[in-house]
Structures are given as structure tokens and as C-alpha cells.
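> Have a look at this one before I ask anything.
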Amino acid sequence: MIRRPRHFISFPPQGYLITLGLLVLSGQTGWSQKGYLSRLHAGKNFPIYTGYAAARERSHFLLDEGYRFNYDQDSLGADFLSGKAGSLGLAFRTGGKIIYRTLDYFRPPLITDSYPDLVRYEFMPVKGLLVRAFFLVYSSDASVWQLRIKNISGRRISCGIYLFVHGRPGLLKDPKGEAGSPALSFGHQEPPDSWSQDHQIPYPDRIRDLLLLSENPDSILSGGGKPPDGSLLSFRAFPRGEPDFPPDTGGTILLGFCREITLARGSSKTLRLVRAVAAAPARPGAGQETVLLRIPLEPFLEADQRMMGHIPDPHLKDPAQTALYWSACNMMRQVFYPPEGKCREDYYVFSRVPMWGWGHGGQVFHESLSMLEYVRIDPSGAEGSQEVYADRQQPDGYINYRTGPYLDETIPANGSLTSSAPWYNWENWEIYRQTRDQAFLRRMYDSGEKFFRWFVSHRDSDRDGLCEWGGDPVLESVRDGDVAVWDQVGPPSAFNSPDLNCMLVREARSLEQMALALGRKEEAASWKQDYERRISLINRYCWDSVKGFYYNVTLGTHQFSYRKENDLKRDEIIGFLPLWAGVASPVQARRLVEKLTDTSAFWRPYGIPSLSASDSDYNPRGYWNGPAWVQWNYLVERGLLNYGYRKTAREIASRVSQGMIAVLRRTHELWEFYSPDSAWGGLHRTYIWAGLINRMMTDAQSHPPVVN
């Protein structure tokens with residue numbers, strides 16, 4: 001079954017704001033959240049995500065050009081940056097001076113509307129010249145950039161307008177165009193990275209490009225510069241004939257158009273640039289691209305307003321948290337694609353702008369924890385994303401580590417296939433609680449039961465009722481790099497782990513709830529017996545009453561010592577998961593909270609680190625040896641809510657969000673993980689499960705405890 005697009009309730013589009021100036025956040029307090037993304041005053045320090053990619057219905061996996069709006073760095077131009085396809089740039093020439101850097105603008109860019117596929121913004125390159133810009137990523141292979149330039153001064157203004165694409169030397173190839181013609185063609189290369197090659201992901205590497213201007217240009221540009229300085233940009237105009245590249249001086253190669261305009265006071269001029277791409281040997285035609293020179297852009301904005309208009313109002317008191325919330329909504333919506341290849345439903349990639357191999361292969365099983373929030377953005381899409389797994393599930397119940405339109409990644413190792421964190425049934429139950437879709441529930445219950453049976457039958461080698469990670473255990477454990485225990489003590493396959501077994505408790509609890517909702521009472525009773533038995537074993541073997549914490553234990557002997565005495569007693573964030581799974585007793589929960597709120601260990605300024613700060617291997621930027629991971633912090637928060645520690649849960653949500661806001665102000669990105677000690681984010685951008693911050697913020701302020 002291919003799911004039909006969801007229909008959204010519409011609301012009147014908000015008025016277009018022309019107020020220029022720097023951001024004043026306090027001015028947004030008390031505004032209606034309906035249409036928030038069209039009521040922005042987003043200067044360079046506003047906490048907003050500025051990645052843009054095609055809307056889901058006009059996207060495709062191969063040759064997918066997305067952009068980042070780089071509007072906030074004084075030394076650079078207000079460019080739209082792509083990963084490998086060069087950047088779209090804009091400059092003005094007036095009074096014999098070229099104005100490219102935002103530092104040189106009379107008034108810097110101010111974003112007024114921002115959605116997953118488009119941005120509207122305003123600026124003044126010189127006093128009296130107001131530019132209202134509209135940038136739309138129309139499809140995976142075409143974008144539109146419209147400038148409405150108005151003279152609001154009391155005098156006539158003449159200037160040259162440069163619209164161009166630029167990139168590193170050797171990027172742009174074989175330019176073809178003539179002065180007086182609005183079309184300029186060239187080529188570029190997007191060589192696949194080693195991960196894409198190793199996984200045999202289809203990947204076009206030779207691309208043909210077409211630039212179209214809405215009017216005949218006065219000249220075609222070819223030139224070079226020395227970014228990131230930007231002040232040294234130089235242009236060569238070709239009033240007749242074809243452009244030629246300047247010698248390679250180690251700077252930037254540039255191609256584009258120049259249009260000379262003269263505006264009387266009060267008059268305006270509209271220019272539009274279309275960029276289109278196609279995989280060689282095909283060439284972008286003049287069909288769709290020519291239409292994009294004329295098509296009205298407002299309906300795309302109105303469609304986005306309708307699409308985002310149904311998302312729940314977060315009612316957050318902090319305006320910066322509200323900005324973070326809507327930024328996360330934009331990012332999560334943006335990473336979805338329509339059915340393609342092997343995927344019969346909508347699916348996501350967990351990092352789209354810019355595209356990178358590891359993050360672009362398809363859905364990684366554990367990343368789908370993000371569906372707990374995405375279901376509130378697009379209920380049908382969240383269901384479809386989970387059904388991708390059910391569609392590709394193997395007959396014995398196994399589900400891939402990664403599932404994409406052109407990839408089934410199973411990673412055979414140690415005589416078994418690699419899966420990932422078993423959050424599957426919990427995700428499906430949480431989705432059902434939002435949608436109340438009985439057909440979805442029935443299908444996913446059957447799929448989830450098969451998966452649970454597969455997992456426990458393949459991950460309990462000593463048959464003691466507790467499971468260990470298998471396949472490639474480091475990858476399967478989610479904590480797939482820089483883990484002190486894995487690196488210094490032993491592999492995760494050697495231990496009964498509290499995190500995995502808490503996940504299995506939560507899976508069985510969810511299957512119980514699903515069975516009850518389907519009227520299968522006997523099956524529900526069986527699931528209850530399963531998780532109660534597992535809870536007993538976790539508390540018997542993984543709980544250390546001396547330190548008041550949960551740890552890995554050795555297979556068979558259930559000891560905290562593997563190579564050296566007590567070498568498994570490393571205080572990691574996984575030790576708090578028994579709160580989330582409902583494994584801990586009230587007394588154990590109290591001791592866990594005491595450890596959690598120790599400022600020398602886990603209670604850090606911007607969230608709970610993955611490894612205690614008191615550990616000798618603690619590194620706040622060290623992957624799994626210290627950073628604050630949003631999804632793990634969310635699990636801790638949910639656990640605190642389960643046991644009534646609402647104030648502590650709220651404080652965690654506040655700390656994590658404040659760290660993310662500080663980074664968002666500076667980078668306008670949502671990152672893979674964050675430092676718990678400073679305003680820093682890394683390693684990879686546009687990361688889908690950073691969107692779980694929305695659940696953290698909204699769950700923390702909900703009134704009833706969040707249980708089951």
C-alpha cells in the first residue's frame with residue numbers, strides 16, 4: 001500500500017512583514033503560534049534553522065540539491081550553500097564599488113518567513129535600496145531565487161546586479177552562454193564518498209547545470225575571488241562571446257549574469273534566477289525551468305503555511321524555545337522523501353542538507369526514535385516510515401540495521417545479522433496513541449511481535465533470560481564509537497546490558513498495550529509475564545546497591561568484573577534507563593536521581609552527558625564518552641516523569657534546550673550531539689533525532705505523568 005498525502009487544515013496566510021532591523025526576541029512573547037514561521041524577525045543571532053530542500057512531494061533520492069542560507073557571517077556574502085554543487089551568490093555594484101559581504105550592507109538580511117523548502121528575507125545593500133528576496137527549492141533538481149528591488153529613497157539609483165554560482169577551483173566545468181541570452185550552461189562533479197561506493201548506492205557524479213535569468217543580461221560573468229574573505233571577489237564581464245575561466249589562483253571560480261538597472265524613486269524591479277541540474281549525459285531542458293521563471297511563488301508559501309498550521313501549539317513561555325521548536329519541525333519535515341525504489345511509503349534520511357553518505361543511505365533503525373515527535377508533525381508520514389520496516393522485514397522477524405530505497409544494510413558479523421536498538425514496538429505504540437489508526441496497529445503488532453521473538457532468540461547466548469548486543473555489537477548498541485567500556489574492557493557482546501534489557505522491557509510493555517487495544521487479552525498477559533521476569537533479572541544482576549546504579553554484567557557469571565575487579569562499573573547514561581522502562585523501585589529511583597543531580601558527575605549545564613564527568617575518560621565532545629545526546633536525555637526525562645520527578649525533568653529539558661538554542665543562534669543548524677558543558681554542537685548537521693527536543697520541552701510541561 002502506498003499512502004496518500006495527508007490533507008491539512010488551511011488558515012489565512014500571514015501578512016508580509018517589511019520591518020527591517022536586528023532581532024528583538026522579546027517582541028514575540030504572546031504572539032499567536034499559528035503562522036509563527038511567517039512572523040519572523042530573524043536577524044543573524046536568531047535561533048533558527050536555515051537549511052532548505054525540496055518539499056517531500058517534489059523530492060527524489062538521487063541528485064538532490066539542497067541549500068543552507070549563509071546570511072549571518074559578516075565576512076561572507078548572503079549565499080545559498082550546497083554541499084558539492086557550488087553556492088548561489090549575489091552582489092551589487094554601485095558608485096564604482098562591489099557590495100558582496102553582509103558586513104558592507106546598509107542593513108543586513110532579516111528572515112521573515114522560513115519553511116522546509118523556502119525562505120523569504122529582506123535587506124538593504126545600500127541606503128534606500130530595499131531588496132525583498134524569495135528563495136524556493138522547487139524540486140530536487142531546480143531552485144528559484146527571486147529579488148524584488150525597490151527604490152525607497154528620494155533619488156534615482158543605478159546599480160549593477162550580479163547573480164552567480166561559485167565554488168572551488170575545478171568544480172564548475174565547460175561554461176556555454178552568450179551575452180544577451182538569459183541561459184548559461186555548465187557542468188560540475190559530485191563524486192560519491194567511500195561509504196556510498198562501498199554500499200553500492202546509486203549516485204550520479206557528473207552533473208549538467210543550467211542558469212536562467214528572467215531577463216536578458218547585460219553581460220555574462222566569469223571570475224574568481226578568495227573566499228572566505230569575500231572582499232576580493234573580482235568579475236570579468238563578457239558583453240559578447242562565451243565566457244572563459246580565469247587562471248586558477250587558488251580562489252573561487254564563478255559564473256553568472258550581470259543586469260544593469262536604474263530605478264526612479266518609488267519604482268521597483270523584479271529579477272528571478274532559476275538553477276536546474278540533471279545527471280549527465282542528460283541536460284536540463286527549457287521546459288520546467290522556463291515555467292519557473294514565471295510561476296507565482298506565493299502559493300508555495302501558502303501551501304507550507306497550511307502544512308505546518310496543524311502542528312500543535314507548544315505554548316512555551318520562552319520565545320527562544322519556541323524558535324527552537326519550530327526550527328526542529330522544519331528540519332524533521334525536510335528530511336522526508338516520497339516512495340521510491342524499494343520504499344513503498346514515505347521514508348526519511350537522517351541528514352539531508354548537505355547530503356552526506358552515512359547520513360543519506362536511508363532509515364537507520366534506531367534513528368526512528370524520532371518518530372515519537374514526527375508523528376505530531378505528519379501522522380501519516382510517521383506511520384509510513386515505520387511500515388517501511390514492516391515491508392522489508394525478513395520472514396524470521398529480523399529488521400535491517402538500515403533500510404533505504406536502494407539499500408538493505410544487514411552487516412553480517414559473528415554469525416548473525418546486525419539490527420539496532422529495539423525501540424520498534426514502543427515507537428509504534430506511541431504513534432498509535434496519536435493516530436488511533438487500528439489498521440496500522442494490527443499490522444505493526446504482528447510485525448513487532450515477530451521482531452521481538454527474533455531479537456530475544458538471537459541475543460541470549462547463555463540462555464539466562466537477559467540479552468546482549470550481537471551482530472556487529474558496537475554498531476547494534478547505538479553507542480558506536482568512543483565508548484570507554486567497549487574500548488578498555490570488552491565488546492558489548494560479552495555483557496548483559498541494562499540498556500538493551502530495559503529496551504526489551506519497554507518493548508514487551510508496548511506489546512502488552514497493543515494486544516489489549518486489539519482485544520487479545522491472553523497475549524497481553526503473556527507479554528506482562530515476559531517483562532516482569534526481565535525486570536526481576538535486571539534488578540537481581542545489573543543493580544549495584546553499593547553505588548546505587550545499574551551496570552553491564554558478564555555473561556553467565558553476572559559479575560561487574562571482566563578483566564579487572566569492578567571494571568564494568570563505569571557510570572554511563574545507560575544506567576538511568578531503568579527509570580524510563582519502569583524497572584527501578586521507588587527506592588532505587590531515589591538513588592538514581594541522587595546520582596543524576598550530582599554536579600560533579602551528570603548534572604551539567606547543558607544536559608546529561610553519556611559518560612559521567614567524574615570518569616577519567618570524560619570528554620564533552622568525545623562522541624559517546626561525554627556529549628549530551630538529545631534522544632538519551634529524552635529517555636532520562638521520560639523516566640523522571642514516570643516516577644514523579646517533574647521538577648528535575650523540567651530542568652533537564654531546559655538545560656538541553658538552552659544549549660541547543662545557543663548553538664542554533666551561532667550555526668543555524670541542529671546537530672548530532674552537543675557538549676553538556678559549553679555551547680557547542682557536532683559532528684554532523686541536520687540530524688533528525690535532534691528533533692526530539694520538541695518532545696522534551698512539551699512533555700516537561702504536561703501535567704499528568706507520562707507512563708507507558
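> Please compute the modelled spin-label separation between Asn45 and Arg436, points set 7 Å along Cα→Cβ, answer in nm with one decimal.
Here the modelled spin labels are 4.7 nm apart.
> Quick one: of Lys97/Lys127; Lys84/Lys173; Lys84/Lys269, which pairs are farther than 20 Å apart, Cα to Cα? Can you show the working numbers first?
Values: Lys97/Lys127 14 Å; Lys84/Lys173 13 Å; Lys84/Lys269 32 Å.
Where the Cα-Cα span goes over 20 Å, the pairs concerned are Lys84/Lys269.
> Continuing with this model, one more query. Of the trypsin sites (Lys or Arg not before Pro) in the stretch 526-581, which ones lie in a loop per DSSP and count no more than 15 other C-beta atoms within 10 Å?
On the way: sites: Lys528, Arg533, Arg534, Arg540, Lys547, Arg563, Lys564, Lys569, Arg570; in loops: Lys547, Arg563, Lys564, Lys569, Arg570.
Within the stretch 526-581, the qualifying trypsin sites (Lys or Arg not before Pro) (loop, at most 15 other Cβ atoms within 10 Å) are Lys547, Arg563, Lys564.
> Moving to a separate point now. Place a point 7 Å from the Cα of Lys127 along the Cα-to-Cβ direction; which residues of the stretch 141-159 have their backbone N under 12 Å from it?
Once the point is set 7 Å along Cα→Cβ of Lys127, 153-155 turn out to lie under 12 Å by backbone N, inside the stretch 141-159.
> Based on the Cβ-Cβ distance of Ala413 and Lys176, what FRET efficiency does E = 1/(1 + (r/R0)^6) give at R0 = 56 Å, to the nearest 0.05?
For R0 = 56 Å, the calculated efficiency reads 0.65.
> Okay, moving on. Of all beta bridges DSSP finds with both residues in the chain, what is the antiparallel percent, to the nearest 5?
Numbers: 108 of 108 bridges.
Approximately 100 percent, going by the DSSP bridge assignments.
> Would you list the membrane-span-like helices of the chain, meaning whole DSSP H runs whose alpha-carbon atoms span at least 27 Å along their axis and whose mean Kyte-Doolittle value is at least -0.5? If you can, show how the numbers build up before the last one.
Details: long enough: 438-458 (30 Å, -0.59); 498-517 (28 Å, 0.11); 521-541 (30 Å, -1.48); 646-667 (31 Å, -0.38).
Membrane-span-like by this criterion, though nothing is claimed about a membrane: 498-517, 646-667.
> Between the DSSP loop rule and a limit of at most 16 other Cβ atoms within 10 Å, which GluC sites (Glu not before Pro) in the stretch 525-615 are left? Numbers along the way, then the final one.
Numbers: sites: Glu532, Glu565, Glu572, Glu594; in loops: Glu565.
Sites meeting the loop and neighbour criteria: Glu565.
> Quick one: net charge around Glu65, please, counting Lys, Arg +1 and Asp, Glu -1 for every other residue with C-beta under 15 Å from its C-beta. Mind dumping the intermediate values first?
Details: positive: Arg58, Arg68, Lys84, Arg206, Arg208, Arg275, Arg352; negative: Asp64, Asp79, Asp117, Asp141, Glu190, Asp205, Asp209, Glu289.
Result for the neighbourhood of Glu65: -1.
> Can you give the FRET efficiency to the nearest 0.05 for Asn566 and Thr262, using r as the Cβ-Cβ distance and R₀ = 51 Å? Display every interim value, and only then the final one.
Values: r = 80 Å, r/R0 = 1.57.
E between Asn566 and Thr262, to the nearest 0.05, is 0.05.
> Quote the FRET efficiency, to the nearest 0.05, computed for Asp318 versus Trp358 with a Förster distance R0 of 51 Å and r equal to the Cβ-Cβ distance. Intermediate results must be reported in sequence, preceding the final value.
Numbers: r = 34 Å, r/R0 = 0.66.
So the FRET efficiency works out to roughly 0.90.
> I've got another one for you. Placing +1 on the Cβ of each Lys and Arg and -1 on the Cβ of each Asp and Glu in the chain, which of Cys343, Ser380, Leu417 has its Cα farthest towards the positive end of the resulting dipole?
Ser380
> Can you pull the one-decimal nm distance between simple spin-label points at Gln701 and Leu103, each 7 Å off the Cα toward Cβ?
Between Gln701 and Leu103, the label points sit 3.9 nm apart.
> For the cross-link pairs Lys342/Lys569; Lys450/Lys595; Lys342/Lys450, which exceed 32 Å when the distance is taken from alpha carbon to alpha carbon?
On the way: Lys342/Lys569 44 Å; Lys450/Lys595 37 Å; Lys342/Lys450 21 Å.
Correct reply: Lys342/Lys569; Lys450/Lys595.
> Per 0.36 nm of contour for each residue apart, how much would the distance between Asn539 and Glu298 grow if the chain were fully extended, relative to their Cα-Cα spacing? Walk me through the numbers before you get to the answer.
Working: separation 241, 0.36 × 241 = 86.76 nm, distance 5.91 nm.
Separation in residues times 0.36 nm, less the Cα-Cα distance, equals 80.8 nm.
> For the chain, give the magnitude of the charge dipole about the Cα centre (Cβ charges: +1 Lys/Arg, -1 Asp/Glu; no others), in debye to the nearest 20. Don't skip to the end; give the middle numbers.
Numbers: 81 positive and 79 negative charges, 507 e Å.
That gives the chain a dipole magnitude of about 2440 debye.
Each value in this text was obtained by applying a stated rule to the coordinates, not by laboratory testing. All of these numbers come straight from a predicted model, not from anything done at the bench. All Cβ positions, glycine included, derive from the backbone under ideal geometry; neighbour counts span all protein chains shown.
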